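Read-outs throughout are calculated quantities, based only on the coordinates presented, and are distinct from any laboratory measurement. Keep in mind the model is a prediction, meaning the values are calculated, not measured. All Cβ positions, glycine included, derive from the backbone under ideal geometry; neighbour counts span all protein chains shown.
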Amino acid sequence: MAVIRGLLDRIVLLCAVVIAGCVPSFIAQYRQHAGGRLEQVLADLAPFQRIADREHGGSLPALVQYHLQSGDPTFHDEGAALQRMLDAAQRLRELMRGLDSDLYHQCLYLLLHGDGELAHSTWQLYQPGFALSVQSVLFALLIGVLLWLIFLGCWYALAWLLRRSGGPTRGALAGGDGVTPRRS
C-alpha cells in the first residue's frame, strides 16, 4: 500500500502543477474573447452613437430614453435592445479593467466576478498552453502544491476515519502492510 500511496501522491502533485500551469493560458484566452466581444458591441453601437451625436448631443442614454418613451412598439423594443448593448459594453469594460492586473489578481477577479457564459465559450475553444514566465511558473508551483496538500489532507483524514470506525488499519492506509502488531 505504501507504494500505491507514494505513487498516487506524486501523480496528484504532477497533475496539479500541470493543470495550474495551464490557468494563465486560459486567462489570456478569456481576455482575448472578452476584448473581442467588447470590440463587437462597440462596433454595433457606432451607428447609434452617430445618431446620438446628431440628435441628442452625443448622449446614447438620451437616445435610448427617446426610444423607450416612444408609443411605437418597434421603436420601444429598439430602445430596450440598445440599452442591453450599452449594459453589455459597460460590463465588458469593467471586466477588462478587472483583468488588467497581475496573474494572481486576474485569477481572483475571475473567481469572484467572471462571466460564466464567456468562460464557457472560452473553454469550448480553449487550447491548453503552459507559459514559462516567472509569474506563471510560480503560480503553477504554488497552486499545484496547495492542491497536493489538500489531497494529502483528505487521504490522511480518510485513514483516520477508517481507523476510528474499525476499517483498514492505520498501517494499510499510511503505507504499511496493514498488519498491526499485537501487544503482550
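Just a few scattered comments:
- When shorter helices are ignored and each DSSP H run of at least 4 residues is given -39500 (n - 2.57), the per-residue value for the chain at 222 nm works out to -27500 deg cm²/dmol.
- In degrees, nearest ten, helix 116-125 long axis to first principal axis of the chain (Cα): 70 degrees
- The range 59-116 and the range 1-26 have Cα centres separated by 40 Å.
- Total charge dipole magnitude, the chain, about the Cα centre, Cβ charges on Lys, Arg, Asp, Glu only, Debye to nearest 20: 1540 debye
- Residue-count net charge about residue 24 - beta-carbon cut-off 11 Å; Lys, Arg +1, Asp, Glu -1: 0
- Karplus-derived 3J(HN,Hα) values for the range 34-47, using 6.51 cos²θ - 1.76 cosθ + 1.60 with θ = phi - 60°, are 5, x, x, 5, 4, 4, 5, 5, 5, 5, 5, 7, 3, x Hz; glycine and proline are entered as x.
- Listed residues 68, 32, 46: farthest to the positive end of the dipole of the range 1-102 (Cβ charges): 32
- Degrees separating the helix 134-165 axis from the principal Cα axis of the chain, which is the longest one: 50 degrees
- Estimated inter-spin distance, residue 138 and residue 77, nm [label 7 Å along Cα→Cβ]: 5.5 nm
- Bins of 5 Å, starting at 0 and running to the largest distance - Cα pair percent for the chain: 1, 7, 11, 12, 10, 9, 8, 8, 7, 6, 5, 4, 3, 3, 2, 1, 1, 0, 0, 0
- Computed from phi, the 3J(HN,Hα) profile of the range 90-104 under the Karplus parametrisation 6.51, -1.76, 1.60 (θ = phi - 60°) reads 5, 4, 5, 4, 5, 4, 5, 5, x, 8, 8, 7, 6, 4, 5 Hz, with x in place of Gly and Pro.
- Whole-number percent relative contact order across the chain, with pairs defined as alpha carbons under 8 Å at least 6 apart: 39 percent
- Separation of the residue 145 and residue 101 label points, Cα + 7 Å toward Cβ, nm: 2.3 nm
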